[in-house]
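Asker: The structure is given below, and queries will be raised subsequently.
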Amino acid sequence: AGGGLGHLAVQIASRGIGLRVIGIDHGSKEKLVTDSGAEAFIDHTKGNAEEEVKKLTGGMGAHAVIVLTAANGAYAR
């Protein structure tokens, strides 16, 4: 959520379309992601991001996900 395309996607989703955004990235990107409009931020290096999303959404999970990374592991699920 805090990369070159990610922070733009956060801005478009939150400010342009009015969606509620949960940004997931390395902890060093938290300020950029929240300043871009994310309602919540999850540091994927600390704990289980999937469980954190469930907590933030009352167990419902995300309605949609955009993956913008070159890390192959992000596409494994």
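Asker: From Cα pairs below 8 angstrom and at least 6 apart in sequence, can you work out the relative contact order of the chain, rounded to a whole percent?
Answerer: Computed value for the chain: 24 percent relative contact order.
Asker: What whole-number value in Å² describes the accessible area per residue of the chain for a 1.4 Å probe?
Answerer: For the chain, the per-residue accessible area is 71 Å².
Asker: Residue by residue through segment 6-20, which ³J(HN,Hα) values in whole Hz follow from phi under the Karplus form 6.51 cos²θ - 1.76 cosθ + 1.60 (θ = phi - 60°), with glycine and proline marked x?
Answerer: x, 5, 5, 4, 4, 5, 5, 5, 7, 8, x, 10, x, 7, 8
Asker: Sorting R15, R20 by accessible area (1.4 Å probe), largest first, what list results?
Answerer: Accessible-area ranking of R15, R20, largest first: R20, R15.
Asker: Checking the cross-link filter: which aspartates and glutamates have an alpha carbon closer than 19 Å to that of K29, excluding same-chain neighbours under 8 positions apart?
Answerer: K29 reaches E39, D43, E50, E52.
Asker: Return the lysines within reach of K31: Cα separation strictly under 17 angstrom, same-chain partners fewer than 8 residues apart disregarded; answer none if there are no such residues.
Answerer: Filter leaves K46.
Asker: With only Lys, Arg, Asp and Glu charged, each at its Cβ (+1 for the first two, -1 for the last two), find how big the charge dipole of the chain is about the Cα centre; round to the nearest 20 debye.
Answerer: Working: 8 positive and 8 negative charges, 21 e Å.
Computed charge dipole of the chain: roughly 100 debye.
Asker: Also: What figure, in Å² to the nearest 10, do you get for the accessible area of L8 with a 1.4 Å probe and non-protein molecules left out?
Answerer: Using a 1.4 Å probe on the heavy atoms, I get roughly 80 Å².
Asker: Can you give me the Rg/Rh ratio for the chain, using Cα atoms for both radii and the Kirkwood formula for Rh?
Answerer: Value, to two decimals: 0.93.
Asker: Kindly provide the helix-only [θ] at 222 nm of the chain, computed as the sum of -39,500 (n - 2.57) over DSSP H runs of four or more divided by all residues, to the nearest 500 deg cm²/dmol?
Answerer: -6500 deg cm²/dmol
Asker: Which GluC sites (Glu not before Pro) from segment 4-51 combine a DSSP loop assignment with at most 15 other Cβ atoms within 10 Å?
Answerer: Of the GluC sites (Glu not before Pro), the ones in loops of segment 4-51 whose Cβ has at most 15 other Cβ atoms within 10 Å are E39.
The values are calculated or read from the model by the stated rules, or taken from the named source; none is laboratory data. What you are looking at is a predicted structure, and each value in this text was computed from that prediction instead of being measured. With ideal geometry, Cβ positions are generated from the backbone for all residues, glycine too; neighbour counts draw on all protein chains shown. We work out accessible area using only protein heavy atoms, side chains counted, and drop any ligands, DNA or RNA first. Shrake-Rupley method; radii C 1.70, N 1.55, O 1.52, S 1.80 Å.
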